[in-house]
Amino acid sequence: MTGFDTRPVFFIIGALLSVLAVAMLLPMTVDLAAGNPDWMVFAIAFALTLFFGVQFMLANRMDRIALNLRQAFLLTALSWVVICAFAAVPFMVSQIDLSAADAYFEAMSSLTATGATVISGLDGLAPGLLLWRSLLQWLGGIGIIGMAIAILPFLQVGGMQLFRSESSDRSDKVTPRASDLAIAVGWIYLCLTAVCTVMLAHAGMSWFDAVNHAMTAVSTGGFSTRDASIASWNSPAIEWVLVVFMVLGGMPFVRFISLAQGRAASFWADTQIRWYLGFLAAVSFGMSVWLTLTRDVPWDDAIRVTTFSVVSVVTTTGYANIDYERWGPLASVVFFILTFVGGCTGSTSGGLKIFRFEILFIVLRALQRRLYSPNLVIPLNYNGKPVSADVMISVMSFGFVYLMSVFVLAFVLAFLGVDVVSALSGAATAVSNVGPGLGPTIGPVGNYATMPDGAKWALAAGMLLGRLEFFTILVVLSPSFWRR
């Protein structure tokens, strides 16, 4: 006995599967218009997914859907696993004929906006499959935002309770109701995607490529329609447009609502945004100076390629406009470290998140001052809110579990025969939801196709762990969770 009612969980999963099924109609239509036989693949996947989605809803219908804490944990973990399984179907039965491990890896990478891929020959891939990959990242991105705003604060995961919408500080609430907040975030997400599409088309992309890259830039997913990624266009204009929207995708989306409401002061008052933008600017400038002085690269090229690469890695997007490993070991180490940073909470990016570094810095500074002034009372505040002991413990626990997950996953990959560089960087990029790692196999210009199947399953698990902030999965896997 589980000791709690699982009907609301499976009802909502059924609703999510129904939405996924409807989304399959878009790539089906594109393939049908292009005369590609893979449209039948999406038609079959649509019917299968819709059937199970409706069955889940009918079998678990209730007069009122309400979730308690345990149901929320189960829903958060189980929904991503189930949806990824159905999202993988088109990859398995299409002309590329991926194995179960490859298809699930690709689907998990898509929905978690990681951007790691096992597919080669993207330049000649059917348009429906290209669109499906981008669409999954786009849908996963809005799901990530909703999870960060509504679910993870409720579950008090990793210090996210700082961002609970029912905070007693009413002045910080951008909308009066949660439903209004969801609608507003959805509109912001859609508008950013539309504007990015128009700007990319104006910069030189075809409309099809522009739509795909707009979806994967705003979602900070990083899938491209070409094997060489953004380097294929060799266009500074396209790269700068993508830099802007990757940066925007890494910001808290609720602050865009404040900006749209004319409250610019609230936007810039968020310390997370200031730290985020300042960090990107400082690292990009420093790397540009280093590249100019040591590699004799013209300044305008240096600032462009380094800013693009730094923003791509920090926001966990994973686009590539150059193979930065050719810059030498220092660059490889810098980008490996940047893999762990991430963007802001309430954004589509992964990683540790800027706010956790802020909390750790606040705690470290207070500890340092208490060493020479033991009786000094130091208030700990973040964005004008007091930081409780629970939040500090939660953030530090998150950091510990984060690093342990990287080390354990790297050990598993090495045990499965993956080389040391690929194992360590692959584990870090999977857990951080970045995508490309280091080395000749999974570096910025490589992919994960040659990895053994066991490594792909392990990496998919790492992506899920990182995206759900670890504790959500660990709680559900705990035996005590299932006791009455």
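The values are calculated or read from the model by the stated rules, or taken from the named source; none is laboratory data. If you're wondering where the values come from, they're calculated on a predicted model, not measured in any experiment. Neighbour counts run over all protein chains shown; Cβ positions are idealised from the backbone, glycine included. Remember, those area values only see protein heavy atoms, side chains included, never the ligands or the DNA or RNA. Shrake-Rupley method; radii C 1.70, N 1.55, O 1.52, S 1.80 Å.
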**Request:** Set the Förster radius R0 to 22 Å, insert the Cβ-Cβ distance between MET396 and SER478 as r into 1/(1 + (r/R0)^6), and round the FRET efficiency to 0.05.
**Result:** 0.65
**Message:** Give me the Å³ per residue figure for the convex hull around the C-alpha atoms of segment 61-171.
**Reply:** 155
**Prompt:** Of all the C-alpha pairs in segment 233-274, what % are more than 15 Å from each other?
**Reply:** 50
**Fill in**
Among CYS196, GLY462, PHE154, the residue whose Cα sits farthest towards the positive end of the charge dipole of the chain, when +1 is placed on the Cβ of each Lys and Arg and -1 on the Cβ of each Asp and Glu, is PHE154
**Request:** Leaving out ligands and nucleic acids, note down the accessible area per residue over segment 188-267 with a 1.4 angstrom probe, in whole Å².
**Result:** 35
**Prompt:** Which value, in debye to the nearest 20, describes the size of the charge dipole of the chain about its Cα centre when Lys and Arg Cβ atoms bear +1, Asp and Glu Cβ atoms bear -1, and nothing else is charged?
**Reply:** 1680
**Message:** Can you order the peptides 289-295, 70-76, 271-277 by their average number of other Cβ atoms within 10 Å per residue, highest first?
**Reply:** 70-76, 271-277, 289-295
**Asked** More than 19 Å apart: what percent of Cα pairs in segment 301-400 qualify?
**Response** 56
**Fill in**
Bounding extents of segment 260-306 in its principal axis frame from Cα atoms, largest first in Å, are 46, 17, 10
**Request:** For an R0 of 30 angstrom, estimate the FRET efficiency from the Cβ-Cβ distance between ASP453 and ARG61 and round to the nearest 0.05.
**Result:** 0.20
**Solvent-accessible area, 1.4 Å probe, carbon plus sulfur percent, for segment 257-327** = 65
**Prompt:** Ranked highest first by average number of other Cβ atoms within 10 Å, how do 6-16, 78-88 line up?
**Reply:** 78-88, 6-16
**Prompt:** Over its Cα atoms, what ratio of radius of gyration to 2.2 N^0.38 Å does the chain give?
**Reply:** 0.95
**Prompt:** Using 7 Å Cα-to-Cβ label points, what is the ILE337/ASN234 separation (nm, one decimal)?
**Reply:** 3.4
**Asked** Given the alpha-carbon gyration tensor of segment 1-74, what are the semi-axes of its equivalent ellipsoid in whole angstrom, ordered largest first, with each equal to the square root of 5 times an eigenvalue?
**Response** 33, 10, 9
**Request:** Treating only the Cβ atoms of Lys and Arg (+1) and Asp and Glu (-1) as charged, compute the dipole magnitude of segment 272-339 about its Cα centre; round to the nearest 20 debye.
**Result:** 200
**Asked** Sorted by mean Cβ packing within 10 Å, highest first, what order do the peptides 456-466, 204-214, 397-407, 35-45 take?
**Response** 456-466, 204-214, 35-45, 397-407
